[in-house]
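Contents: one structure, followed by commentary.
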Amino acid sequence: MIDENMDFSKHDERDPNPWLALFLDESIPINQSTKLALMRDNASKSAKYVLPIVHIGSKISMFFIHIFKFFLPNLINSSKILHRILAWGLKTFISPDANLLIFRHFHIGTEILQFIAGNIPEAEIVGNPLKPKDFEDVKDDLFLKHDLNLYNFVIHLNNQLKQKGIKIEPPKKINLDMISEDQFDHIEFPNKWTNFLDLRSAIELFTPYYQLFLTSNDFIRASNSLQLDETIAIYTSQIINTPGHLGLVNNKHPMVPATTYSVAYRLVLHGLAAETLHEVLVKMKLNKDRDGIVTPLA
């Protein structure tokens with residue numbers, strides 16, 4: 001269902017809606033349901049009025065937690081408690097659109113890694129697929145495992161490339177069996193009066209909890225993992241032999257890590273990069289199913 005703010009019939013040339021412009025824009029590949037959810041999230045009252053406040057509060061909290069963890073690094077470390085807080089917060093306070101974007105991210109991230117692993121025949125990589133179906137799945141260290149998956153994938157893949165003397169290159173036949181063409185079978189997300197927070201406000205609020213309950217290594221690694229977007233995109237471009245979509249990656253290379261204070265903004269960019277890359281693969285699969293051949297960016 002399209003929100004009235006995303007309806008062209010409501011367009012006012014004297015006061016154009018910037019989110020309508022981006023919703024109608026087709027300059028980058030992205031799932032239409034995802035784009036609608038993101039634009040409605042951007043246009044929400046929470047993003048307009050709540051986000052500026054929680055943004056400041058989050059940075060102040062992170063500063064004091066940083067000092068606390070410097071002197072007492074091991075006093076509060078519990079991924080289990082963290083993920084119970086996250087599961088409760090997602091279910092209680094986060095809007096359906098923001099929850100859709102969050103849950104969908106784990107699914108498409110898993111499929112992108114499976115695509116890379118499935119198109120390097122000589123490499124044998126056993127992954128840890130994450131496809132949460134409900135809030136109970138969040139409690140099983142979902143966010144932490146997502147970060148660990150990325151680094152373990154890069155480490156195991158490149159270790160095998162070096163040991164076996166192989167390189168990533170276009171295979172004779174590209175395997176797209178692991179790519180889902182449509183939305184995953186997501187849950188019916190809660191839509192009570194308390195479920196009002198937009199995506200960026202949620203991330204800003206959750207980040208201090210992430211910093212408090214994780215070890216310093218886990219938190220910094222999680223922050224830096226967002227910049228692996230470019231690394232994963234390079235692997236994919238080497239397989240499909242089309243480097244053009246690398247221009248859609250905005251987190252830049254992880255060899256130059258950004259400060260943890262920018263993690264909320266970079267996390268949204270990370271989600272967008274994953275969505276655009278996944279949509280490229282979806283279009284390839286649809287073209288293959290229709291024509292019997294793979295057309296990367298048609």
Within segment 119-145, restricting attention to residues that are more than 21 Å from the chain's Cα centre (by Cα) and surrounded by 13 or more Cβ atoms within 10 Å (Cβ to Cβ), which residue is nearest to ILE220 (Cα to Cα)? ILE125
For segment 175-201, which residues satisfy the criterion of being open to solvent by less than 20 Å² (accessible area, probe 1.4 Å), more than 15 Å from HIS105 (Cα to Cα) and not charged (D, E, K, R)? LEU176, ASN195, LEU197, SER201
Test each condition in (1) surrounded by 12 or more Cβ atoms within 10 Å (Cβ to Cβ); (2) free of Cβ contacts under 8 Å to residues at least 60 places away in the same chain; (3) part of a helix (DSSP H, G or I) for GLU111 and report the one that comes out false. (2)
Could you check ASN250 against (1) closer than 17 Å to ILE112 by Cβ; (2) at pLDDT below 80; (3) part of a helix (DSSP H, G or I) and say which number it fails? (3)
Take the conditions without any contact (Cβ under 8 Å) to a residue 60 or more places away in the chain and among the β-branched types (Val, Ile, Thr) and apply them to THR34. Does it pass? no
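Taking segment 152-171 as the region of interest, how many residues are closer than 23 Å to HIS83 by Cβ and open to solvent by less than 60 Å² (accessible area, probe 1.4 Å)? Reasoning before the result, please.
Looking only at segment 152-171, we keep the residues that are closer than 23 Å to HIS83 by Cβ, and these are 152-153.
Now narrow it down to the ones that are open to solvent by less than 60 Å² (accessible area, probe 1.4 Å): 153.
Qualifying residue count for the region: 1.
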Restricting the first residue to segment 271-288 and requiring it to be within 18 Å of ASP147 (Cα to Cα) and touching a residue at least 24 places away in the same chain (Cβ under 8 Å), which pairs with a second residue that is part of a helix (DSSP H, G or I) and polar (S, T, N, Q) meet a Cβ separation below 6 Å and a spacing of at least six or different chains? GLU275/THR34
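Which helices (runs of 4 or more DSSP H) sit wholly inside segment 1-108 and have at least 2 residues that are surrounded by fewer than 20 Cβ atoms within 10 Å (Cβ to Cβ) and in contact with a Pro (Cβ under 8 Å, 6 or more places away or on another chain)? Spell out how you get there, then give the answer.
Details: elements: 18-24, 32-42, 51-71, 79-93.
So the answer is 51-71, 79-93.
The values are calculated or read from the model by the stated rules, or taken from the named source; none is laboratory data. Predicted model only: the values in this text are computed from it and were never measured. Heads up, the Cβs are rebuilt from the backbone with ideal geometry, glycines too, and the neighbour counts pull from every protein chain shown. All accessible areas refer to the heavy atoms of the entire protein, side chains included, with ligands and DNA or RNA removed. Shrake-Rupley method; radii C 1.70, N 1.55, O 1.52, S 1.80 Å.
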